[in-house]
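Participant: The structure that follows is given in the form of structure tokens.
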């Protein structure tokens with residue numbers, strides 16, 4: 001059996017949570033492979049909004065097992081808050097969640113370091129969520145990290161040693177963070193994790209694939225935030241591209257099947273960093289309003305702009321995308337004219353690729369006629385011709401079919417072609 005991958009093709013917030021929830025009935029296992037509580041995957045069903053940060057988005061489907069892979073970083077404090085909400089809804093989390101022994105743990109002092117580093121940057125802030133993600137991945141690479149498997153060892157001794165290292169670093173910053181106040185609920189989260197299924201998930205997933213089980217690898221953030229290929233340094237601290245699924249779950253490239261790439265019908269970005277098609281006018285403000293573009297993790301307003309086809313093609317290339325899923329097409333319902341960036345003006349030339357100096361580009365647009373109407377929930381044939389023209393242009397330019405079109409946040413507002 002092959003493992004399929006689902007990931008975002010823009011700067012995150014593409015709508016991955018909803019699509020994982022829609023696709024889950026086809027899969028036995030949903031596995032998160034990178035990121036941490038900086039992710040915010042939103043699902044809406046039965047008129048209730050659910051936001052997941054660390055838990056895979058298959059948790060609300062009865063027959064799906066949810067794996068938190070070795071590439072994920074976990075804050076026990078936030079994890080327990082998330083679990084408590086699921087338990088209150090009657091979900092048996094102990095039988096539905098498996099955690100990798102190799103996943104790294106975000107310590108209270110990691111969160112303090114993250115805030116200290118970001119505040120110290122002054123007007124050069126990168127827009128960190130200040131969740132401790134970066135410092136945790138830093139310790140992982142420096143080989144001084146704390147892992148879930150350590151909970152089963154002499155945990156307190158290991159923890160105190162790591163904590164003191166961080167306190168020494170924090171002493172060089174004029175920043176105060178009450179680590180002890182955060183620790184109380186953090187240790188409650190540690191106790192919860194210890195009570196759950198902690199296994200070597202690389203063995204688990206590979207055995208399940210060999211036995212014929214289906215796996216969907218769930219990414220967080222977006223391709224353009226990848227630590228290697230995103231708009232560095234305004235990126236996250238992990239590999240958000242499809243290759244990240246292999247190292248974040250311990251599976252071979254040979255077992256990868258479909259790669260589902262999710263993108264919005266327009267673009268958004270949270271925090272700092274280059275954004276070639278960003279709109280600073282009323283149109284951008286209306287996109288933000290109609291799309292409810294506020295971060296599900298931080299609540300920060302998202303910057304909005306037209307669809308960037310140059311960036312989308314780049315993301316498709318990096319990930320080997322086999323199917324495209326378009327989200328939030330309904331947000332465009334009231335615009336008379338819709339634009340797509342098809343190329344950049346850069347240093348006096350017209351280019352069709354993303355240069356390293358993305359700040360220096362100017363977008364070149366192709367205009368499309370808007371549709372100015374409400375959309376059917378699940379019928380492609382009933383969509384206005386203007387939308388079909390918009391989608392067909394994207395398919396022609398990218399060479400990848402648009403297989404799913406989301407016309408609203410609810411499960412049922414999904415067109416599967």
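Where a number appears in this text, it was derived from the coordinates with a stated rule and is not lab data. It should be emphasised that the depicted structure is a prediction, and the values quoted were computed from it without experimental measurement. Heads up, the Cβs are rebuilt from the backbone with ideal geometry, glycines too, and the neighbour counts pull from every protein chain shown.
Participant: Once Rh for the chain is found with the Kirkwood sum over Cα pairs, what is the Stokes-Einstein diffusion coefficient at 20 °C and 1.002 mPa s, in µm²/s?
Facilitator: Value of D from the Cα-based Kirkwood radius: 97 µm²/s.
Participant: So what are the three principal axis dimensions of the stretch 145-256 from its Cα atoms, in whole Å, longest to shortest?
Facilitator: Reported extents, whole Å, longest axis first: 50, 39, 19.
Participant: Related question: Can you tell me the orientation of helix 155-170 relative to the chain, as the angle in degrees between its alpha-carbon axis and the longest Cα principal axis, to the nearest 10?
Facilitator: The two axes meet at around 60 degrees.
Participant: I've got another one for you. Which value, in Å³ per residue, describes the convex hull spanned by the Cα atoms of the stretch 239-292?
Facilitator: Normalising the Cα hull of the stretch 239-292 by residue number yields 128 Å³.
Participant: What fraction of the DSSP beta bridges in the chain is antiparallel, stated in percent and rounded to the nearest 5?
Facilitator: 40 percent
Participant: Taking just the alpha-carbon atoms of the stretch 204-290, what radius of gyration and Dmax come out, in angstrom?
Facilitator: Considering the stretch 204-290 through its Cα atoms, Rg and Dmax are 17.0, 54 Å.
Participant: What would the Debye formula give as log10 I(q)/I(0) at q = 0.21, 0.22 Å⁻¹ for the alpha-carbon point model of the stretch 250-345, no solvent?
Facilitator: -1.13, -1.20
Participant: Post the alpha-carbon centroid distance, the stretch 15-42 to the stretch 258-277, in whole angstrom.
Facilitator: About 17 Å separates the Cα centre of the stretch 15-42 from the one of the stretch 258-277.
Participant: In addition: With the chain treated as a Gaussian network of Cα nodes joined by springs under 10 Å, which of 223, 398, 136 yields the largest mean-square fluctuation?
Facilitator: 398
Participant: How many times 2.2 N^0.38 Å is the alpha carbon radius of gyration of the stretch 132-197?
Facilitator: Here the Cα radius of gyration is 1.19 times the empirical estimate.
Participant: Please build a GNM for the chain, connecting alpha carbons under 10 Å apart, and tell me which residue among 287, 317, 354 fluctuates the most.
Facilitator: 317
Participant: Quick check on the exposure proxy: order 337, 277 from fewest to most C-beta atoms within 10 angstrom.
Facilitator: Fewest to most other Cβ atoms nearby, the residues stand as 337, 277.
Participant: Kirkwood Rh over alpha-carbon pairs of the stretch 42-116, then Stokes-Einstein at 20 °C and 1.002 mPa s: what D in µm² s⁻¹, rounded to an integer?
Facilitator: Values: Rh = 13.5 Å.
Roughly 158 µm²/s, to the nearest whole number.
Participant: Still on this model: When 1/r is averaged over all different Cα pairs and the result inverted, which Kirkwood radius in Å belongs to the stretch 86-183?
Facilitator: On the way: mean 1/r = 0.0666 Å⁻¹.
Computed over the stretch 86-183, the radius equals 15.0 Å.
Participant: Along each principal axis of its Cα atoms, how long is the stretch 328-389 end to end? Whole angstroms, biggest number first, please.
Facilitator: So the extents along the principal axes, rounded to whole Å, are 43, 20, 17.
Participant: Helix 385-398 versus the longest principal axis of the chain: what angle, 0 to 90°, nearest 10, using Cα atoms?
Facilitator: 60 degrees
Participant: Return, for the Cα atoms of the stretch 1-145, the radius of gyration and Dmax in Å, separated by a comma.
Facilitator: Calculated on Cα positions, Rg and Dmax stand at 15.9, 50 Å.
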